[in-house]
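What follows is a short report on a single structure.
Nothing in this text is a laboratory measurement; each read-out follows from the coordinates by a stated rule. These numbers come from a predicted model, not from an experiment. All Cβ positions, even for glycine, are placed from backbone atoms using ideal geometry, and neighbour counts span all protein chains on display.
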Amino acid sequence: MSGAQTGGCLCGALRFEISELMPAAAHCHCSMCRKFHGAGFATIVGVPASQFKWITQTDTLKTYVAANETTRSFCGECGSSLLFASPRAPSDIIEVALGVFDDDVPVLPDAHIFVESGAAWAAPRDGLPAFQAGRNSPLVNANVSSSSLDSE
Ligand SMILES: [Zn+2]
Ligand SMILES: [Zn+2]
């Protein structure tokens, strides 16, 4: 399949193939993503569940369920952060950490989300829309208005 993308964890025990990525990706600054990824934010892309396929065994795959019932999956051997799922999101979408793909993927993150709970040292400086919480919440960067985005 020409557009197939592969990725996996650091130790290689868990590898996947994806034949179709969704165009929208966001940088999530929430405290759970920060801790799970050990980073200023997590960059996550949606994938139709039917297009996601493990190409290794999944013996080392572990899942952590947070207090708000979101689940994060990782490799129990090397600790790589791989997948995110929320019971409030469509169940036919899998969210995959953009950093675990082998090669560059044809996706450009277009927003920062949950910036209000983010670390000051990782505050967005790239001019992308930065939302207080989810994509439907108010923007924190007043210089980027949704109307100026629409006119481009
Ligand atoms: Zn691993
Ligand atoms: Zn998050």
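Largest mean-square fluctuation among Ala39, Ala97, Ala25, in a Gaussian network model of the chain whose springs join Cα atoms under 10 Å apart, belongs to Ala39. The phi torsions of segment 30-45, fed into the Karplus equation with coefficients 6.51, -1.76 and 1.60 and a -60° offset, translate into couplings of 5, 5, 5, 5, 4, 5, 4, 8, x, 8, x, 6, 10, 10, 10, 10 Hz, rounded to whole numbers, with Gly and Pro shown as x. This ranking places Val105, Val65, Val115 by how few other beta-carbon atoms lie within 10 Å of each, fewest first, which gives Val65, Val105, Val115. Considering helices alone, the calculated mean residue ellipticity of the chain at 222 nm is -2000 deg cm²/dmol, with DSSP H runs of length four and up weighted by -39500 (n - 2.57) and normalised per residue.
Label positions at Lys53 and Glu77, each projected 7 Å from the Cα along the C-beta direction, are separated by 2.1 nm.
I need the shape label for segment 1-45. Rule: rounded when a/c is under 1.5, else prolate if a/b > b/c, else oblate, with a, b, c from the alpha carbon gyration tensor. It comes out oblate by the Cα gyration axes. Given a 10 angstrom Cα cut-off, can you work out which residue in Pro48, Pro124, Pro106 is the most mobile in a GNM of the chain? Largest GNM mean-square fluctuation: Pro106.
Quick one: grab the alpha carbon gyration tensor of segment 33-123, order the square roots of its eigenvalues as a ≥ b ≥ c, and give me rounded if a/c is under 1.5, else prolate or oblate depending on whether a/b is larger than b/c. It is rounded, given that a/c, with a ≥ b ≥ c, falls under 1.5. For the chain, the direction-averaged projected area of the alpha-carbon convex hull comes to 9.8 nm².
For segment 1-82, with equal point scatterers placed on the C-alpha atoms only and solvent neglected, what are the log10 I(q)/I(0) values from the Debye formula at q = 0.17, 0.24 1/Å, to two decimals? The computed values of log10 I(q)/I(0) come out as -0.77, -1.34.
Relative to the current alpha-carbon distance between Ser91 and Asp103, full extension at 0.36 nm per residue lengthens the span by 1.7 nm. Pick out which of Ile55, Ile94, Ile44 has the largest mean-square fluctuation in a Gaussian network model of the chain, springs linking Cα atoms closer than 10 Å. Ranking Ile55, Ile94, Ile44 by mean-square fluctuation puts Ile55 first.
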